[in-house]
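Enquirer: Sharing a structure below in structure tokens format, with a few things to ask.
The values are calculated or read from the model by the stated rules, or taken from the named source; none is laboratory data. All of these numbers come straight from a predicted model, not from anything done at the bench. Methodologically, a virtual Cβ is constructed for each residue, glycine included, from the backbone with ideal geometry; neighbour enumeration extends over all protein chains shown.
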């Protein structure tokens with residue numbers, strides 16, 4: 001668009017009589033749109049977001065903006081400016097363009113211009129560490145253009161067509177408290193090629209490009225293989241006097257009081273930084289098999305507090321009760337933090353330490369240093385009142401979380417979800433209201449990052465919960481009930497009430513069931529998903545389908561939800577049939593189950609995103625026992641095969 005043609009657009013737009021003098025017309029059907037001026041040297045992520053901004057304006061009005069990359073010799077009289085660039089401050093006199101907070105975003109408009117910008121930082125030319133501008137663009141598309149991405153794919157995108165987009169002057173600043181967000185849908189985080197199918201959706205929800213690295217796992221999984229021959233003394237002393245690596249190489253524990261451990265760890269930090277200059281958080285968490293193989297040397301045990309909760313420890317042919325490891329692990333993390341600070345002065349580098357297994361209770365005396373981030377593996381996601389299996393005092397995961405939140409100023413929340421009512425199997429294991437409360441509570445306690453293990457991306461059965469999670473992780477101060485109301489209304493229009501009744505009916509039944517059966521179990525699920533509940537659910541969806549106009553987008557979305565109920569019915573049929581089959585094998589039953597699996601396969605493959613096929617194949621351990629060829633006894637073999645396939 002030339003400056004001359006742009007001037008003609010302004011003349012045309014000025015004829016809109018109802019506009020206030022200060023209003024800005026961003027775009028108008030049949031007449032054009034303001035150009036988008038992109039800051040010179042913008043990253044690939046920013047360019048992609050700007051392309052989506054232009055496409056979204058076109059979807060709303062039919063007018064697609066021209067994208068111009070600055071610096072411009074002639075400043076357009078009106079424009080959308082993306083990124084902080086020379087001259088923008090003059091267009092917004094008195095506005096502060098110095099971003100004080102990590103990932104801070106700025107959206108603003110006056111009577112002539114719009115600015116969409118954020119704090120962008122780089123550790124090196126090819127290592128961006130903050131993406132404020134990208135997240136600002138997606139926020140603008142959602143908040144100012146009114147676009148919704150209710151679930152992944154074309155069917156989940158909701159755009160309201162308008163003759164024009166008009167903005168009154170405004171200024172909106174925001175910076176997210178939860179700076180590590182990619183772990184919420186970690187199968188769809190950047191670079192993950194496993195189960196995840198929602199990478200584009202999570203980017204639009206501002207979940208992918210956080211500014212803190214959060215690893216969900218353990219810190220020393222390959223150390224036995226690398227070091228046990230050269231440095232056997234760094235591994236945990238066992239009660240029998242050996243340093244055997246018990247219970248296995250991937251879960252071998254360390255003699256954390258040995259100074260050589262931190263020397264080698266710092267060498268790994270240096271190697272990490274050479275490969276990834278933008279990395280700021282470094283894992284020092286003990287390996288898994290949390291009850292087994294911990295060091296019994298006098299120096300390590302001196303870091304334990306005698307008043308720590310008594311916990312049961314396992315070694316080779318030996319089990320004993322000793323104090324919890326929380327004080328030990330915090331002491332080790334603090335020493336790692338001291339070394340990190342000394343080696344890299346002035347850098348905002350942090351140590352990551354899991355509170356997991358025998359370090360789930362809060363420490364008695366030790367307190368995490370200011371550069372230690374605790375990762376609280378507190379498994380109350382979707383499971384109210386669940387007791388820690390390793391606790392001798394009967395502490396719940398929520399109680400442990402609350403105790404840790406009082407003694408540390410920097411922590412992540414990393415719950416394991418389990419499958420109390422079919423979460424992993426793709427069933428409607430809905431705990432939406434509890435999830436809203438939990439996310440708000442952990443944010444209010446000061447949480448800086450969330451990693452959920454795991455969200456399996458079954459959108460037809462769990463879509464409302466996934467959506468509200470994404471919105472609240474970005475901004476925990478939002479009204480969760482308003483988010484849900486918007487989700488149902490935008491997604492289903494005249495069918496919104498019936499669809500909401502459908503999901504909420506399932507959630508009510510689920511919450512009552514899990515209060516009595518917190519640990520679940522596939523062959524217990526018929527107690528929840530009874531023929532009566534499935535019939536009532538179908539009646540609600542039938543009403544929803546009748547309320548949606550024939551051939552409409554709303555009707556197609558109700559059909560998408562219907563796939564989730566059809567899938568649930570087929571899985572429950574298989575659960576019931578296979579419960580009988582394993583007691584007495586019957587080829588008639590086996591054929592029916594195989595036919596059901598064929599129907600499931602057809603449902604999944606003809607409705608993208610409804611049910612994620614990867615986690616629910618018969619071969620996976622989550623579905624063990626639900627196919628005649630994969631009895632529960634084959635679970636370990638199924639897991640091995642699954643790893644080969646992924």
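Enquirer: Checking residue 579 against (1) more than 30 Å from the chain's Cα centre (by Cα); (2) part of a helix (DSSP H, G or I); (3) within 25 Å of residue 490 (Cα to Cα), which test does it fail?
Expert: Unmet condition: (3).
Enquirer: Can you give me the number of residues within region 427-463 that are assigned to a loop (DSSP other than H, G, I, E, B) and either modelled with pLDDT of 95 or more or in contact with a strand residue (DSSP E or B) (Cβ under 6 Å, 6 or more places away or on another chain) (or both)?
Expert: Qualifying residue count for the region: 15.
Enquirer: Is it true that some residue in region 226-244 is out of contact with any helix residue (DSSP H, G or I) (no Cβ under 9 Å at 6 or more places or on another chain), surrounded by 17 or more Cβ atoms within 10 Å (Cβ to Cβ), over 30 Å from residue 120 (Cα atoms) and not assigned by TED's automatic domain parsing to the domain that holds residue 138?
Expert: Within region 226-244, one or more residues are out of contact with any helix residue (DSSP H, G or I) (no Cβ under 9 Å at 6 or more places or on another chain), surrounded by 17 or more Cβ atoms within 10 Å (Cβ to Cβ), over 30 Å from residue 120 (Cα atoms) and not assigned by TED's automatic domain parsing to the domain that holds residue 138.
Enquirer: I would also like to ask the following. Can you tell me how many residues within region 112-155 are modelled with pLDDT of 95 or more, assigned to a loop (DSSP other than H, G, I, E, B) and farther than 22 Å from residue 472 by Cα?
Expert: Within region 112-155, residues that are modelled with pLDDT of 95 or more, assigned to a loop (DSSP other than H, G, I, E, B) and farther than 22 Å from residue 472 by Cα number 1.
Enquirer: Still on this model: Of all residues in region 310-328 being under 35 Å from the mean Cα position of the chain (by Cα) and not in a strand (DSSP E or B), which is surrounded by the most Cβ atoms within 10 Å (Cβ to Cβ)? Before you say what the answer is, go through the steps one by one.
Expert: Taking region 310-328 and keeping what is under 35 Å from the mean Cα position of the chain (by Cα), we get 310-314, 323-328.
Those left that are additionally not in a strand (DSSP E or B): 324-328.
Working: 324: 26, 325: 31, 326: 29, 327: 23, 328: 26.
Looking at the filtered set, the residue picked out is 325.
Enquirer: Then there's this: Of all residues in region 407-418, which are surrounded by fewer than 24 Cβ atoms within 10 Å (Cβ to Cβ), within 17 Å of the chain's Cα centre (by Cα) and not in a strand (DSSP E or B)?
Expert: 415, 417, 418
Enquirer: So, in region 95-111, of the ones that are part of a loop (DSSP other than H, G, I, E, B) and within 20 Å of residue 50 (Cβ to Cβ), which residue ends up farthest from the chain's Cα centre (by Cα)? Reasoning before the result, please.
Expert: Narrowing region 95-111 to residues part of a loop (DSSP other than H, G, I, E, B): 95-104, 110-111.
Next, only the ones that are within 20 Å of residue 50 (Cβ to Cβ) stay: 97, 99, 103-104.
Values: 97: 30, 99: 26, 103: 17, 104: 20 Å.
Once the filter is applied, the top-ranked residue is 97.
Enquirer: Take residue 140 and tell me if it is more than 20 Å from the chain's Cα centre (by Cα) and in contact (Cβ under 8 Å) with a residue 12 or more places away in the chain.
Expert: Yes; evaluated as a whole, the condition is true for this residue.
Enquirer: Is one or more of the residues making up region 521-533 outside the structural domain of residue 156 (by TED's automatic domain parsing), under 26 Å from the mean Cα position of the chain (by Cα) and outside any helix (DSSP H, G or I)?
Expert: yes
Enquirer: When you check residue 258 against the structure, is it surrounded by 16 or more Cβ atoms within 10 Å (Cβ to Cβ), in contact (Cβ under 8 Å) with a residue 12 or more places away in the chain, in the same structural domain as residue 320 (by TED's automatic domain parsing) and over 31 Å from the mean Cα position of the chain (by Cα), yes or no?
Expert: It is true that residue 258 is surrounded by 16 or more Cβ atoms within 10 Å (Cβ to Cβ), in contact (Cβ under 8 Å) with a residue 12 or more places away in the chain, in the same structural domain as residue 320 (by TED's automatic domain parsing) and over 31 Å from the mean Cα position of the chain (by Cα).
Enquirer: Are there any pairs, at least 6 apart or on different chains, whose C-beta atoms fall under 6 Å, with the first in region 574-590 and assigned by TED's automatic domain parsing to the domain that holds residue 618 and the second outside any helix (DSSP H, G or I), and if so, which?
Expert: Going by the 6 Å Cβ cut-off, the qualifying pairs are 574/626; 578/625; 578/626; 590/628.
Enquirer: Mind checking whether some residue in region 362-373 is under 23 Å from residue 250 (Cα atoms), surrounded by fewer than 20 Cβ atoms within 10 Å (Cβ to Cβ) and in contact (Cβ under 8 Å) with a residue 24 or more places away in the chain?
Expert: no
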